[in-house]
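The values are calculated or read from the model by the stated rules, or taken from the named source; none is laboratory data. Quick caveat: nothing in here was measured; it's all calculated off a predicted structure. Positions of Cβ are generated from backbone atoms using ideal geometry, with glycine treated the same way; all protein chains shown enter the neighbour counts.
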Amino acid sequence: MKKKIKLKGQLKTYIQWPLILSILLLVMNISMYPVSVKAGLLMSAFLVIYVVVVTILYVRNRSRIYTELLSFATQYDQIQRKLLRELAIPYGLLDEDGKVLWANTAFFEVSGKSKKSLHKPITHFFPEFAKEMLPQEDSEENKTIRFSYEEKDFRVNVQKVYMDHMIDASAFLEDKENDEYFLAVYLFEETEINKYIRMVQEERLVAGLIYLDNYEEALETVEEVRRSLLVALVDRKINKYIGSFGGIVKKLEKDKYFIAIQEKDLPAMRENKFELLQDVKTVNIGNEMAVTLSIGLGVSADTYAENYEYARIAIDMALARGGDQVVIKEGEHITYFGGKTQQVEKATRVKARVKAHALREFIESRDKVMVMGHKMTDMDSFGASIGIYRAAKVLNKRAYIVLNDVTSSVRPMKECFTDNPAYETDMFLTGEQALEMIDRNTVLVVVDTNRPNYTECSGLLNRTPTIVVLDHHRQTNEQIENAVLSYIEPYASSACEMVAEILQYFDEGLKIKAVEADCLYAGIILDTDNFMGKTGVRTFEAAAFLRRCGADVTRVRKMFRNGMAEYKARAEAVRHAEVYHGFAISVCPNENIESPTIVGAQAANELLNIIGIKASIVLTYYQQKTYVSARSIDEVNVQILMERMGGGGHMSMAGVQLNCGIEESMEIIKHTIDKMLEEGEL
């Protein structure tokens with residue numbers, strides 16, 4: 001101990017002063033000899049006596065000084081310990097293993113343990129305070145931990161206290177380096193403040209908008225004298241539901257409502273899955289069409305105005321996804337409920353005409369037009385691209401179609417343009433070529449997808465400020481941002497149908513060549529499975545327009561024929577299908593097939609022809625991914641099933657890409673089906 005502990009600082013200098021003075025006296029003694037030898041001898045005798053006395057005093061008093069210092073330190077430590085023991089804040093000292101070495105009175109009172117519990121783990125005092133929560137040897141010096149104990153909330157500040165720091169804090173002692181440390185633990189009760197925080201959060205305003213999806217269509221199916229009664233019953237349903245939560249409803253227009261509720265009511269609404277969606281469909285006074293509505297809610301914004309803006313974005317997304325659902329926007333997080341019914345086709349084409357005129361203005365104001373579909377382009381994406389290409393050429397603009405990989409289904413159509421002298425040789429560009437040519441004076445039109453990661457070349461989206469999106473798939477959280485024109489209609493059968501409508505209003509003198517009409521017609525045929533699914537009046541009107549433009553059904557049918565290998569693979573997928581809770585699940589072979597994902601989609605359509613099958617799911621492993629094609633007729637909404645796994649699509653036609661093998665993908669699909677059936681979502 002004596003070797004390790006030494007005096008330092010001012011005390012050390014003060015004790016050494018007599019020795020320092022001895023040196024000064026020696027110098028003085030030496031300087032006296034030239035003046036007087038007798039005086040020098042006398043001084044030398046005095047110096048010897050002085051040094052002897054000083055040395056004796058230094059040796060004898062040093063032990064007394066150590067004793068007094070230790071006594072003072074002990075008394076000082078007792079005062080500190082008394083203050084810590086009586087401190088109102090619970091405080092404890094733990095070793096590296098989490099054992100409580102010392103704790104003050106408040107610590108024992110809060111934990112409800114006695115002082116006999118010392119040297120036991122911290123979990124003995126607070127079971128929720130796990131040892132793993134403590135800072136590890138190489139982790140941060142300080143850490144804040146929160147836990148609850150006996151209905152009380154605690155915030156714990158944990159601080160490392162190293163041994164060498166304790167010695168260094170002394171003004172008189174020093175020690176060698178020491179890596180050992182203790183853990184100082186301070187407990188602060190936050191029960192009351194957390195209670196008030198929860199109260200503030202629960203009482204925050206949730207702004208909402210309710211739109212009737214099919215107001216005009218539903219009224220047309222009712223006698224005129226009974227229409228007011230239908231509206232009154234719908235109003236009553238909405239007011240009763242919102243009023244049961246203490247909210248308010250304000251009717252803005254004949255089919256639009258503003259609502260305000262408290263955030264504490266949201267969990268109950270989520271629990272009953274917004275039963276207003278189903279309740280309003282029960283209103284029937286002879287109307288042939290059930291009334292459906294969409295709800296958009298804005299939550300957790302900093303101001304009421306921002307909450308309303310969130311609600312507006314949410315209702316737009318609900319309508320873009322087909323209606324009959326609830327969309328909750330909470331900051332960047334978006335949640336969906338409902339959306340199980342088939343979308344209602346709008347009889348009016350006003351929206352198509354407005355979008356056509358807006359698209360024309362954007363194309364006229366730019367020098368070039370680039371059209372881009374989704375990866376692994378199918379006929380719907382290709383046909384829609386050809387339609388926009390023709391619209392750009394009518395306005396004498398340079399137009400290009402971005403196309404990377406050409407699938408077997410698209411190749412016959414593409415060859416009609418590459419070998420045709422009526423079209424430019426650079427009509428089709430790869431993603432790399434498009435990146436070199438695009439500039440800020442280019443209109444980028446994205447067709448048949450609204451998700452940036454699904455496009456042929458997502459890098460193009462950052463190269464131009466003028467982006468137009470035309471799509472018939474439901475929107476998800478991931479969408480193309482900053483589009484100057486977005487025309488997304490989930491009720492449309494295909495992107496080709498939407499483009500065919502736009503072309504009819506784009507220019508009076510617009511002429512579509514027969515080969516271009518074939519492409520658009522083929523896209524509609526593909527997405528409607530030969531007009532067997534998701535077709536409406538406007539679908540047939542678009543097909544009739546294309547037939548008038550020269551589309552040949554026979555030519556299109558020939559282009560859809562498969563090779564023998566593809567046909568056998570499709571037959572194998574159907575033959576090995578497994579029925580799981582009414583879902584026909586199968587795997588499509590990919591050997592010696594150029595485009596196995598297309599064959600997988602065809603197999604999914606074939607499986608729907610089997611009696612007792614609610615929906616079909618076909619998995620295809622291709623390019624290190626598993627492509628999942630899901631199809632249904634009317635009993636199951638496969639879109640919400642695929643969306644749960646990160647994909648999307650329509651109620652009767654959807655898909656997803658999984659970054660894993662067939663077996664793991666099969667487990668994911670079955671687990672998702674089980675979970676959604678248990679939750680009542682399917």
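Output the residue which, of all residues in region 284-311 that are loosely packed, with under 15 Cβ neighbours inside 10 Å, out of contact with any Ser or Thr (no Cβ under 9 Å at 6 or more places or on another chain) and in contact (Cβ under 8 Å) with a residue 12 or more places away in the chain, is nearest to GLN201 (Cα to Cα).
Taking the candidates together, the pick is TYR304.
Can we say GLY208 is touching a residue at least 12 places away in the same chain (Cβ under 8 Å) and under 29 Å from the mean Cα position of the chain (by Cα)?
yes
Take region 441-462 and flag every residue that is touching a residue at least 12 places away in the same chain (Cβ under 8 Å) and over 26 Å from HIS357 (Cβ atoms). I'd like the intermediate steps shown before the answer.
From region 441-462, those touching a residue at least 12 places away in the same chain (Cβ under 8 Å) are 441-457, 459-461; that's our starting set.
If the condition is that a residue be touching a residue at least 12 places away in the same chain (Cβ under 8 Å) and over 26 Å from HIS357 (Cβ atoms), then ARG451, PRO452, ASN453, TYR454, GLU456, CYS457, GLY459 are the ones that fit.
Limited to region 249-279, what total is found for residues that are surrounded by fewer than 12 Cβ atoms within 10 Å (Cβ to Cβ) and in contact with a helix residue (DSSP H, G or I) (Cβ under 9 Å, 6 or more places away or on another chain)?
Total meeting the criteria: 2.
For region 352-374, which residues satisfy the criterion of being of a type in the set (Gly, Ala, Ser) and not in a helix (DSSP H, G or I)?
Once the filter is applied, which keeps residues that are of a type in the set (Gly, Ala, Ser) and not in a helix (DSSP H, G or I), region 352-374 yields SER365, GLY373.
Only one of these is more than 30 Å from the chain's Cα centre (by Cα) and closer than 22 Å to TYR454 by Cα: VAL599, VAL628. Name it.
So the residue among VAL599, VAL628 that is more than 30 Å from the chain's Cα centre (by Cα) and closer than 22 Å to TYR454 by Cα is VAL599.
Where residues in region 319-332 are crowded, with 22+ Cβ neighbours inside 10 Å and at pLDDT 85 or above, which of them is farthest from LEU266 (Cα to Cα)?
GLN325
Report, ordered by the first and then the second residue, all pairs with beta carbons closer than 6 Å, sequence separation of six or more or different chains, a first member in region 220-245 that is assigned by TED's automatic domain parsing to the domain that holds LYS273 and among the aromatic types (Phe, Trp, Tyr), and a second member that is surrounded by fewer than 15 Cβ atoms within 10 Å (Cβ to Cβ) and modelled with pLDDT under 90.
The qualifying pairs do not exist here.
Looking at THR407, THR449, THR377, which is the one that is part of a loop (DSSP other than H, G, I, E, B) and more than 23 Å from SER486 (Cβ to Cβ)?
THR407
Considering only region 620-643, state which residues are closer than 19 Å to ASP529 by Cβ, assigned to a helix (DSSP H, G or I) and either of a type in the set (Val, Ile, Thr) or in contact with a His (Cβ under 9 Å, 6 or more places away or on another chain) (or both).
Once the filter is applied, which keeps residues that are closer than 19 Å to ASP529 by Cβ, assigned to a helix (DSSP H, G or I) and either of a type in the set (Val, Ile, Thr) or in contact with a His (Cβ under 9 Å, 6 or more places away or on another chain) (or both), region 620-643 yields VAL638, GLN639.
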